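Since the structure comes first, as structure tokens, the remarks are kept for the end.
The values are calculated or read from the model by the stated rules, or taken from the named source; none is laboratory data. Since the structure is predicted, the reported quantities are computational estimates derived from the model, not experimental observations. Counting neighbours? That spans all protein chains shown, and the Cβs are built from the backbone with ideal geometry, glycine included. Heads up: the accessible areas ignore ligands, DNA and RNA and are worked out on the full protein's heavy atoms, side chains in. Shrake-Rupley method; radii C 1.70, N 1.55, O 1.52, S 1.80 Å.
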Amino acid sequence: MGETNLKGIRRVLTDGGVSNRLQEVFSSFFSGTQEDLSGYVVFPGFCDVHVHFREPGFSYKETIRSGSMAAAHGGYTSVCTMPNLSPVPDNPQNLKVQQDIINATAVINVYPYGAITEGEKGEKLSDMRGMAAGVVAFSDDGRGVQSEEMMREAMTEAKALGKIIAAHCEDNSLLNGGYIHQGRYAQLHGHRGISSRSEYAQIERDIKLAAETGCSYHVCHISTKESVELIREAKASGVDITCETAPHYLIFDESDIKEDGAYKMNPPLRSVEDKRALVEGICDGTIDMIATDHAPHSPGEKALGLEKSAFGIVGLETAFRAMYTHLVKPGVITLEKLAELMSANPRRRFGIEDRNSFTVWDLKHVSEVRESDFLSMGKATPFTGQRLFGKCVLTVCNGKTVYKGL
């Protein structure tokens, strides 16, 4: 392939490690091709700080290998796995069970979280000190820490260890048996709703604790307008706080819900006003990063309708395509901004270095989302059937090709 073609490939936020390898890798990969490369863009490998790979304990839903392959297919070279596993990584011995599987089977960089509390039960602090060297941060994702005193204790310990507390914010006393957003759709169709306050009330509590303890605090998968405003104000006041949201909260709202488990996740799809506030938060920097909350389940667990299906959808293989199609192409954000949200910002906040890792995308390609194309064992997503731009043609992690899709 000629040098002219190489120069024609756009590079977005590439560091020296990426640039130094472009000639070698591209020359090998595209040797002799007649492809039009004008729509190809190279990015640093994407980084998702919120995924569920289900192993150990629930490998019928996903394995570390299948999850990491799905991540590579989506352009990711680093992911952080949540601790709602069996055994829960709440001490060094349990953490080692997961780490051994990662070392043996992962095709990309996989960084585990340690649990905040033993068994994620919220009753006793985990062995945070014993796990600190082996985890990216601490979280009880899937459950909010209900006790203010327990969260204060966790933040104090995390501050001493130089680690982040990444919080799933949910006040159980405000759930009332809900399983979708407490809004118009729930009222019209007789569903029990989850109030917005169940999310933002705990964020408000935790912001005060983070200010008190000086802990580095990260809020997982925010979904409400109140959450955005609370975090915006906390940042302005100097609290060490960051947050994430997911593609589905930026694209869908409660008016898009169907009587299908593919539309059930926690937190739920909220109102159109919430969606607009999240987009504004992306644009003004209040929201620091996009994470997928990739949460695979078996087909049977997602085939039980809104009320009885398990919470969670997959997202690693649609995230970039969805964000590029719905935010970049309409001019809401730039391609450079999207790369910051999906790569630079999460790496910076969580201290993840990933040299010689990048992903190449054909941005002219458009195709329908088909579950049969997923490498993940999970298939449930509200994006099924949508026509999205972008095709991952190459993912290189630590100098090794981990996905090739030309």
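How far is the Cα center of segment 202-248 from the Cα center of segment 379-396, in Å? What the calculation gives is 30 Å, centre to centre. Between segment 279-342 and segment 109-130, the alpha-carbon centres lie 26 Å apart.
Maximal additional length on extending the LYS258-LEU188 stretch stands at 24.0 nm, based on 0.36 nm per residue less the C-alpha distance. Computed per residue of the chain from DSSP H runs no shorter than four, each worth -39500 (n - 2.57), the mean residue ellipticity at 222 nm is -9500 deg cm²/dmol.
Three principal axis extents of segment 44-108 based on alpha-carbon atoms, in descending order, are 33, 22, 20 Å. Bridge orientation summary for the chain: considering DSSP beta bridges with both residues in this region, about 45 percent are antiparallel. Taking only protein heavy atoms and a 1.4 Å probe, the accessible area of segment 181-329 is 48% carbon and sulfur. Protein heavy-atom accessible surface, 1.4 Å probe, per residue over the chain: 38 Å².
For the chain, the relative contact order is 19 percent, taking Cα pairs closer than 8 Å that sit 6 or more residues apart in sequence and dividing their mean separation by the residue count.
Estimated at the nearest 10 Å², the accessible area of ARG129 is 140 Å² with a 1.4 Å probe.
Projecting the Cα atoms of GLY130, VAL51, ASN84 onto the dipole axis of segment 33-135, where Lys and Arg carry +1 and Asp and Glu carry -1 at the beta carbon, places GLY130 farthest toward the positive end. The fraction of Cα-Cα pairs per 10 angstrom bin, counted from 0 for segment 308-406, comes to 13, 40, 38, 9, 0 percent, rounded to whole percents. Summing charges over neighbours of CYS47, with a neighbour being any other residue whose Cβ is under 9 Å away from its Cβ, gives -1 when K and R count +1 and D and E count -1.
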